[in-house]
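Colleague: One structure coming up, written as structure tokens, with questions to follow.
The values are calculated or read from the model by the stated rules, or taken from the named source; none is laboratory data. No experiment lies behind these values; they were computed from the predicted model shown. As a convention, Cβ positions derive from the backbone with ideal geometry for all residues, glycine included, and neighbour counts pool all protein chains shown. Side chains included, ligands, DNA and RNA excluded: accessible areas come from the protein's heavy atoms. Shrake-Rupley method; radii C 1.70, N 1.55, O 1.52, S 1.80 Å.
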Amino acid sequence: MITVQHLIKTYNKGTVKAVNDISFEVKDGELFGLIGPDGAGKSSIFRMLTTLLLPDSGIATVNGYDIVNDFQNIRNHIGYMPGRFSLYQDLTIEENLEFFATVFNTSIEENYDLIKDIYVQIEPFKDRRTGKLSGGMKQKLALCCALIHKPDVLFLDEPTTGVDVVSRREFWDMLKKLKNQGLTILVSTPYMDEAGLCDRIALLQNGQILSIDTPAHIVASFGDILYSLSSPKMYKLLVTMRAYDNMNSCFAFGDSLHLTLKDNSKKDELYSYLKKSDFGEIEINQIMPTIEDCFIKLLKEN
Amino acid sequence: MRSLYFLLEKEFKQMFRSKGLLRTLFIAPIIQLILMPMAANYSVKNISLVIVDHDHSSFSRQLITKVTASGHFRLEAICANTEAALKEIELDKADIAIEIPDKFEQGLVREGSQKINVQVNAIEGVKAGLAGGYLSAILSDFNAELRLHWVQPARFEPAPVISIMPINWYNKFMNYYLFIVPGILVNLITGIGIMQAAFNLVKEKEMGTIEQINVTPIKKQYFILGKLLPFFVLSIVIFTVGLMIGYVFYNVYPVGSFLTMYVSLFAFLFALLGFGLLLSTYSETQQQTMSLAFFFLNVLNMMSGLFTSIESMPQWAKILSGCFPVSHFIKAMRMIMLKGSSLSDISFHLWSMLGVGLVFNTWAILNYRKRS
């Protein structure tokens with residue numbers, strides 16, 4: 001269990017507020033996601049909770065231990081996977097794993113069942129030096145090393161950044177399995193599409209929490225009708241739509257535009273507005289909002 | 001303690017895996033120790049000499065033979081006059097010019113005294129001083145011989161003359177290698193010790209691996225100890241190899257006991273590695289460490305009496321030099337090597353090194369934090 005109350009961390013003598021009065025709670029056995037763009041303060045929160053960084057003020061506990069006073073206890077009970085790969089590149093897979101097991105006074109055999117599913121995938125290369133592994137394999141090894149001492153809480157700081165789509169999928173599947181084994185997991189990611197895979201998420205921006213809820217609730221609280229527009233002339237469409245006076249918000253979203261209107265009763269007017277210009281074939285659909293839509297909406301409201 | 005064992009295992013694995021590192025750590029010092037004592041030599045040989053002989057007598061020839069036979073001088077040319085000799089010095093072809101006056105032999109026999117004109121090129125101070133010194137020694141020797149052969153023994157007791165007969169204790173024949181080989185060995189150990197201890201921790205910082213270590217329950221004292229011990233061992237090995245090279249190539253071996261020597265080495269390494277560690281706690285990248293270590297190594301080399309004498313430094317430099325473990329170790333090394341000093345003789349230096357080491361190590365441990 002993790003509790004965070006009014007946590008504040010500033011850098012450069014208080015001029016940069018990296019974490020600005022944040023409070024949240026992660027329940028036992030929960031997969032909790034911190035979602036936010038780069039610089040939102042995710043890593044600072046992680047470093048404080050893993051006792052690497054002292055907060056300016058506020059209280060936080062991990063498994064009931066205070067992050068400032070009981071840091072020794074916390075270090076025994078958490079697994080941490082930093083955003084940057086930080087295992088010894090000149091040691092082999094097996095040596096790294098063995099080293100981190102012995103550091104925690106345990107052995108690979110003792111907790112093998114916990115890492116088995118992940119470790120079997122990289123075991124064929126166990127004599128290869130870590131520096132020569134692919135990104136996905138490094139990620140799996142890092143997860144194994146963070147798990148090898150059977151932690152109660154797992155901290156994963158952007159574990160999927162720089163990993164290919166397939167490996168990302170696999171990685172989230174592994175997290176699901178670990179969660180089912182009773183681990184509490186705090187994970188951060190800048191990818192909004194991964195947010196839906198968490199039990200609950202906190203959307204972060206500029207060191208502040210915009211919203212905390214389950215992904216489904218956050219999507220449900222969008223509260224607006226969302227349209228997706230696409231045409232062969234996307235840029236012209238975007239410019240035209242942004243000039244529309246009934247437009248509430250309009251963003252380019254992959255190969256389409258996501259649009260909300262100020263007054264949804266005037267939807268027919270939209271068609272006539274679009275017909276004034278020649279866009280070729282325009283496709284307009286009402287769609288379900290994603291977490292990213294919610295995030296952009298929350299950003300606008302703040 | 002168990003975690004220390006695993007930390008050491010890891011450090012040694014990493015050390016032996018880095019082939020390039022081991023090669024430079026071992027082979028480079030060995031080559032340096034073999035070659036450098038020959039090159040870094042204070043005793044000046046091959047001083048270029050030009051002679052202007054106005055006399056052309058048997059005496060003048062004897063004098064010339066004596067000077068050139070000493071081995072220090074190489075006769076470059078015989079010049080016709082003073083101007084020609086000075087020209088040689090100006091062109092940097094000659095270091096020293098001797099002018100033997102006309103009627104040198106005649107005057108010497110008749111009047112009992114003659115003056116010789118010696119001109120020294122003083123661009124290289126040390127060389128000039130030594131050349132002048134050698135020459136006056138040879139001349140006075142020549143003088144004495146002359147007296148013996150030509151001057152009638154005085155009927156009465158001659159005026160008392162104090163003649164000085166220096167005896168070089170501990171290094172009877174002023175064997176230069178006895179001085180320089182321990183110096184270079186200490187110099188090498190200092191460089192290796194500081195650099196490696198400093199780099200090692202910073203490497204973990206730069207690679208980000210320290211992040212993962214810091215969240216583990218490892219005690220920082222163990223972690224630091226695990227970092228230092230491998231280089232402690234490595235330095236001892238290199239030192240031992242260095243001693244062997246000194247014996248095989250230069251016949252330099254300690255008069256004193258090996259035990260005393262290694263005890264002082266332990267004290268020295270304790271201080272040295274602590275200093276390297278301290279540097280690493282203050283730097284974030286290997287580049288920063290490199291610059292810091294380079295700066296300090298330079299100061300240590302110039303000011304710790306490795307090659308120059310501490311006694312002739314100004315007061316502030318003496319005090320500063322007393323804070324360097326290197327100064328104490330080189331002193332202790334020379335005492336053991338040449339004099340055969342015992343532990344009690346070098347106790348001041350031992351305690352100084354341990355004291356300085358304690359300060360460095362405590363400072364380093366306090367400055368290294370697992371949390372920021």
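Colleague: Could you list, in sequence order, the residues of region A:154-171 that are in a helix (DSSP H, G or I) and either surrounded by fewer than 19 Cβ atoms within 10 Å (Cβ to Cβ) or charged (D, E, K, R) (or both)?
Modeller: Result: A:VAL165, A:VAL166, A:SER167, A:ARG168, A:ARG169, A:GLU170.
Colleague: Between a residue in region B:214-238 that is outside the structural domain of B:PHE270 (by TED's automatic domain parsing) and any residue that is open to solvent by 30 Å² or more (accessible area, probe 1.4 Å) and not aliphatic (A, V, I, L, M), which pairs come within a Cβ distance under 6 Å, given they are 6 or more apart or on different chains?
Modeller: That search, which allows pairs on different chains as well, returns nothing.
Colleague: Evaluate region A:112-125: report whether one residue or more is hydroxyl-bearing (Ser, Thr, Tyr), closer than 20 Å to B:GLU11 by Cα and open to solvent by 10 Å² or more (accessible area, probe 1.4 Å).
Modeller: Scanning region A:112-125 turns up no residue that is hydroxyl-bearing (Ser, Thr, Tyr), closer than 20 Å to B:GLU11 by Cα and open to solvent by 10 Å² or more (accessible area, probe 1.4 Å).
Colleague: Further question on the same structure: Do we find a residue being more than 33 Å from the chain's Cα centre (by Cα), of a type in the set (Lys, Arg), outside any loop (DSSP other than H, G, I, E, B) and more than 20 Å from B:LYS45 (Cβ to Cβ) anywhere in region B:114-130?
Modeller: no
Colleague: Kindly indicate the residue of region A:83-97 that is modelled with pLDDT under 90 and out of contact with any Ser or Thr (no Cβ under 8 Å at 6 or more places or on another chain) and also surrounded by the most Cβ atoms within 10 Å (Cβ to Cβ) among those meeting that condition.
Modeller: A:PHE85
Colleague: Something else: Name the residues in region A:84-115 that are in contact with a Cys (Cβ under 9 Å, 6 or more places away or on another chain) and of a type outside the set (A, V, I, L, M, F, W, C), would you?
Modeller: A:ASN96
Colleague: Restricting to region B:211-228, what's the tally of residues that are within 11 Å of chain A (Cβ to nearest Cβ) and open to solvent by less than 20 Å² (accessible area, probe 1.4 Å)?
Modeller: First, pick out the residues of region B:211-228 that are within 11 Å of chain A (Cβ to nearest Cβ): B:211-219, B:222-223, B:226.
When the remaining residues are screened for being open to solvent by less than 20 Å² (accessible area, probe 1.4 Å), the result is B:212-216, B:218, B:223, B:226.
Residues that pass the stated criteria total 8.
Colleague: Among the listed residues A:VAL4, A:VAL68, A:VAL62, A:VAL19, identify the single one that is β-branched (Val, Ile, Thr) and within 11 Å of another protein chain (Cβ to nearest Cβ). Please lay out each step first, then the result.
Modeller: Values: A:VAL4 fails: within 11 Å of another protein chain (Cβ to nearest Cβ); A:VAL62 fails: within 11 Å of another protein chain (Cβ to nearest Cβ); A:VAL19 fails: within 11 Å of another protein chain (Cβ to nearest Cβ).
Exactly one residue qualifies, and that residue is A:VAL68.
Colleague: A follow-up question, please. So which of B:PHE360, B:PHE295, B:PHE307, B:PHE329 ends up being in a helix (DSSP H, G or I) and either open to solvent by 50 Å² or more (accessible area, probe 1.4 Å) or on the phi > 0 side of the Ramachandran plot (or both)? Working first, answer last.
Modeller: On the way: B:PHE360 fails: either open to solvent by 50 Å² or more (accessible area, probe 1.4 Å) or on the phi > 0 side of the Ramachandran plot (or both); B:PHE307 fails: in a helix (DSSP H, G or I); B:PHE329 fails: either open to solvent by 50 Å² or more (accessible area, probe 1.4 Å) or on the phi > 0 side of the Ramachandran plot (or both).
After ruling out the rest, the residue left standing is B:PHE295.
Colleague: Can I ask one more? Hey, among the residues in region A:44-63 that are assigned to a helix (DSSP H, G or I) and of a type outside the set (S, T, N, Q), which one's surrounded by the most Cβ atoms within 10 Å (Cβ to Cβ)?
Modeller: Initial filter on region A:44-63 (assigned to a helix (DSSP H, G or I)): A:44-49.
Pick out the ones that are also of a type outside the set (S, T, N, Q) and you get A:45-49.
Details: A:ILE45: 29, A:PHE46: 23, A:ARG47: 26, A:MET48: 26, A:LEU49: 24.
Here the residue is A:ILE45.
So that you can scan it fast, the table gives a plain yes or no per residue for (1) loosely packed, with under 13 Cβ neighbours inside 10 Å; (2) within 14 Å of another protein chain (Cβ to nearest Cβ); (3) farther than 27 Å from B:GLY129 by Cα:
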position: B:SER3; (1), (2), (3): no, yes, yes
position: B:GLU9; (1), (2), (3): no, yes, yes
position: B:VAL50; (1), (2), (3): no, no, no
position: B:GLY107; (1), (2), (3): no, no, yes
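Colleague: Inside region A:64-126, counting only helices (runs of 4 or more DSSP H) that do not spill past its ends, which hold 2 or more residues that are within 23 Å of the chain's Cα centre (by Cα) and over 23 Å from B:LYS205 (Cβ atoms)?
Modeller: Here the list reads A:112-122.
Colleague: For residues in region A:172-189 being surrounded by fewer than 16 Cβ atoms within 10 Å (Cβ to Cβ) and in contact (Cβ under 8 Å) with a residue 40 or more places away in the chain, which is nearest to the chain's Cα centre (by Cα)? Lay out the reasoning, then the answer.
Modeller: Within region A:172-189, the first condition is being surrounded by fewer than 16 Cβ atoms within 10 Å (Cβ to Cβ), and the residues that meet it are A:173, A:176-177, A:180-182.
Within this subset, residues satisfying the condition of being in contact (Cβ under 8 Å) with a residue 40 or more places away in the chain are A:176-177, A:181-182.
Details: A:LYS176: 14, A:LYS177: 18, A:GLN181: 21, A:GLY182: 20 Å.
Result: A:LYS176.
Colleague: If I filter region B:72-83 for residues that are assigned to a helix (DSSP H, G or I), more than 27 Å from B:ARG147 (Cβ to Cβ) and either assigned by TED's automatic domain parsing to the domain that holds B:THR308 or open to solvent by 70 Å² or more (accessible area, probe 1.4 Å) (or both), do I get at least one hit?
Modeller: yes
Colleague: Another question, if that's okay. Would you check if there is a residue in region B:337-353 being closer than 25 Å to B:MET174 by Cβ, assigned to a helix (DSSP H, G or I) and open to solvent by 30 Å² or more (accessible area, probe 1.4 Å)?
Modeller: For region B:337-353, residues closer than 25 Å to B:MET174 by Cβ, assigned to a helix (DSSP H, G or I) and open to solvent by 30 Å² or more (accessible area, probe 1.4 Å): present.
Colleague: In region B:161-210, how many residues are under 29 Å from B:PHE268 (Cα atoms), modelled with pLDDT under 85 and open to solvent by 40 Å² or more (accessible area, probe 1.4 Å)?
Modeller: Of the residues in that region, 8 qualify.
Colleague: Right, here's the next one. Between a residue in region A:73-94 that is more than 8 Å from every other protein chain (Cβ to nearest Cβ) and any residue that is surrounded by 20 or more Cβ atoms within 10 Å (Cβ to Cβ) and part of a loop (DSSP other than H, G, I, E, B), which pairs come within a Cβ distance under 6 Å, given they are 6 or more apart or on different chains?
Modeller: Short answer, once both residue conditions are applied: A:ILE74/A:THR51; A:HIS77/A:PRO151; A:GLY79/A:PRO151; A:MET81/A:PRO159; A:GLY83/A:GLU158.
Colleague: On to the next question. If a residue has to be among the aromatic types (Phe, Trp, Tyr) and touching a residue at least 24 places away in the same chain (Cβ under 8 Å) to count, how many in region B:322-354 make the cut?
Modeller: 2
Colleague: Looking at region A:263-302, which of its residues are out of contact with any helix residue (DSSP H, G or I) (no Cβ under 9 Å at 6 or more places or on another chain), open to solvent by 90 Å² or more (accessible area, probe 1.4 Å) and of a type in the set (A, V, I, L, M)?
Modeller: Answer for region A:263-302, where residues must be out of contact with any helix residue (DSSP H, G or I) (no Cβ under 9 Å at 6 or more places or on another chain), open to solvent by 90 Å² or more (accessible area, probe 1.4 Å) and of a type in the set (A, V, I, L, M): there is none.
Colleague: Additional query: Could you please give the count of residues in region A:235-255 that are open to solvent by less than 40 Å² (accessible area, probe 1.4 Å) and under 19 Å from A:LYS275 (Cβ atoms)?
Modeller: 8
Colleague: Considering only residues that are of a type in the set (A, V, I, L, M) and open to solvent by 40 Å² or more (accessible area, probe 1.4 Å), look in region A:1-43 and name the one that is modelled with the highest pLDDT.
Modeller: Of region A:1-43, the ones of a type in the set (A, V, I, L, M) are A:1-2, A:4, A:7-8, A:16, A:18-19, A:22, A:26, A:31, A:34-35, A:40.
Okay, now just the ones that are also open to solvent by 40 Å² or more (accessible area, probe 1.4 Å), so A:1, A:8, A:16.
Numbers: A:MET1: 88, A:ILE8: 93, A:VAL16: 88.
So the residue we want is A:ILE8.
Colleague: Among B:VAL237, B:VAL248, B:VAL263, which is away from chain A (no Cβ under 14 Å), within 20 Å of the chain's Cα centre (by Cα) and over 26 Å from A:LEU97 (Cβ atoms)?
Modeller: Going through B:VAL237, B:VAL248, B:VAL263 in turn, just one is away from chain A (no Cβ under 14 Å), within 20 Å of the chain's Cα centre (by Cα) and over 26 Å from A:LEU97 (Cβ atoms): B:VAL248.
Colleague: Filtering region A:128-153 down to residues that are of a type in the set (A, V, I, L, M, F, W, C) and more than 12 Å from every other protein chain (Cβ to nearest Cβ), which residue is nearest to A:VAL165 (Cα to Cα)? Can you show your working first?
Modeller: Here is the first cut: in region A:128-153, the residues of a type in the set (A, V, I, L, M, F, W, C) are A:133, A:137, A:141-148, A:153.
With the extra rule that they be more than 12 Å from every other protein chain (Cβ to nearest Cβ), the set shrinks to A:133, A:137, A:143-144, A:147.
Values: A:LEU133: 17, A:MET137: 14, A:LEU143: 18, A:CYS144: 20, A:LEU147: 23 Å.
Among them, the one singled out is A:MET137.
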